Amino acid sequence: MKADAVQEDIDRVLEVIEKLGFRPHAMPGASRTAIGITGNNGSVDPAHFENLSGVAEAIRVTKPYKLISKDLRPEKSVIKIGNSSIGGDELAIIAGPCAIETQEQVFKVAEAVAKSGAKFFRGGAFKPRTSPYAFQGKGEDGLKIMAEVRERYGLNIVTEAMDERGVDLVEKYGDCIQIGARNMQNFSLLKYVGQTRKPVLLKRGLSATLDEFLLAAEYIMAEGNYDVILCERGIRTFADHARNTMDLSIVPAVNRLTHLPIIIDPSHGTGRNYMVNPLARAGVAVGADGLIIEVHPCPEEALCDGAQALTLDQYAELYAQVNAIHEILAKEEMSIAVS
Ligand code: PEP
Ligand code: MN
């Protein structure tokens with residue numbers, strides 16, 4: 001739609017699309033609203049819309065994914081989460097323990113995260129563990145502790161849901177629903193979160209290609225939830241010096257194809273404490289919109305993923321370094337734009 005299109009113009013386009021038997025997706029942006037169409041089997045004649053009031057242009061999207069595509073919306077989506085957002089000028093830092101263990105553990109980390117200036121807190125209440133005998137998370141009690149974190153420290157809560165019941169609970173207590181790597185192609189769960197109105201952090205599957213990753217995001221958006229943030233968390237390769245191989249080249253690839261923000265998880269991506277900061281810095285340098293980082297007051301006592309957890313001091317150091325890199329990049333971009 002044109003930048004000066006009014007709501008009536010948008011409503012008229014939506015009505016025309018519905019009358020044709022298709023599904024319209026109105027996605028408001030910073031400067032203009034894009035309206036996607038799904039449910040069509042072949043090409044739709046642009047003549048249906050082209051001459052309607054407020055319409056700027058009708059574009060045919062030929063890729064397998066439509067709503068995530070830059071063809072539909074060239075500008076980056078800024079996804080609102082609670083009282084902050086991901087995809088804007090600020091680097092988004094999501095930090096917290098792998099798993100919610102005790103209130104004391106959680107508050108210690110939350111205090112450090114809030115003090116650093118970060119806006120988002122992570123913590124798992126439902127943990128996808130390889131072994132059924134490993135700590136599975138505290139469930140709803142864990143979510144209640146995170147809701148207290150929001151009240152006390154003003155942080156926005158990002159936490160994983162593994163099934164539909166979990167989604168309902170995260171909707172109640174959290175601000176952003178995380179879909180973990182192992183569920184990236186759980187299509188019924190993707191459809192279910194697509195029907196919620198909470199933003200979704202979608203992690204890349206352990207061996208997912210770029211197209212599979214993007215189509216998983218498309219599943220969520222096709223249901224009407226356009227608030228999706230992608231997350232690279234490392235993939236399985238032959239390399240065994242790290243837990244996973246961080247595929248940083250996916251960041252520019254994603255930024256070329258889609259308007260969705262993408263963040264990096266160097267904690268699960270490396271699985272090694274000493275690798276987290278270097279890969280976090282690299283992630284910011286390649287253009288990620290943010291980071292998700294595991295932090296524990298006492299990593300050696302962590303019930304889950306202690307080997308990759310940063311101490312509070314290490315986290316503070318990382319926060320300062322990645323923001324310094326982000327600032328340099330922002331200045332560079334400005335000078336490129338000016339010259
Ligand atoms: C997590 O972030 O807690 C997690 C389990 O990550 P992943 O799904 O990427 O393994
Ligand atoms: Mn973890």
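Coordinate-derived values only; no laboratory data. All values derive from a computational prediction rather than experimental measurement. Cβ: placed from backbone, ideal geometry, glycine included. Neighbour counts: every protein chain shown.
The table below lists the values:
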{"quantity": "Under-5 Å amide H pairs with Asn156, H placed in peptide plane, nonlocal only", "calculated": "Phe120, Phe121"}
{"quantity": "Relative contact order (percent, whole number), the chain, Cα cutoff 8 Å, 6+ residue spacing", "calculated": "15"}
{"quantity": "Under 5 Å, built H, 5+ apart or other chain: amide partners of Ala92", "calculated": "Gly87, Gly290, Leu291"}
{"quantity": "Charge tally in the Cβ shell below 11 Å around Gly29, where Lys, Arg are +1 and Asp, Glu are -1, Gly29 excluded", "calculated": "+2"}
{"quantity": "Longest site-free stretch - the chain; sites: GluC sites (Glu not before Pro), DSSP loop, at most 14 other Cβ within 10 Å", "calculated": "76-339"}
{"quantity": "Relative contact order %, segment 206-339, counting alpha carbon pairs below 8 Å whose residues are six or more apart", "calculated": "18"}
{"quantity": "Nitroxide proxy distance, nm - points 7 Å out along Cα→Cβ at Ala316 and Glu8", "calculated": "5.9"}
{"quantity": "Simple Cβ-charge dipole of segment 36-86, Lys/Arg +1 and Asp/Glu -1, about Cα centre, in debye nearest 20", "calculated": "320"}
{"quantity": "Per-pair calculated FRET efficiency, R0 = 41 Å: Ala147 and Asp89 via Cβ, rounded to 0.05", "calculated": "0.90"}
{"quantity": "Whole-Hz ³J(HN,Hα) from phi, Karplus 6.51 cos²θ - 1.76 cosθ + 1.60, for segment 41-48, glycine and proline x", "calculated": "8, x, 6, 9, 5, x, 4, 4"}
{"quantity": "Estimated dipole of the chain in Debye, rounded to 20 [Cβ of Lys and Arg +1, of Asp and Glu -1, Cα centre]", "calculated": "380"}
{"quantity": "Entries in Lys63/Lys331; Lys198/Lys331; Lys66/Lys191; Lys119/Lys172; Lys2/Lys70; Lys70/Lys127 that, when Cα-Cα distance is taken, lie over 24 Å", "calculated": "Lys63/Lys331; Lys198/Lys331; Lys70/Lys127"}
{"quantity": "Size of charge dipole - segment 3-47 - debye, nearest 20, with Cβ of Lys, Arg +1 and Asp, Glu -1, no other charges", "calculated": "180"}
{"quantity": "Cβ-based charge dipole, segment 44-194, positive-most Cα from Gly88, Val78, Ala181", "calculated": "Ala181"}
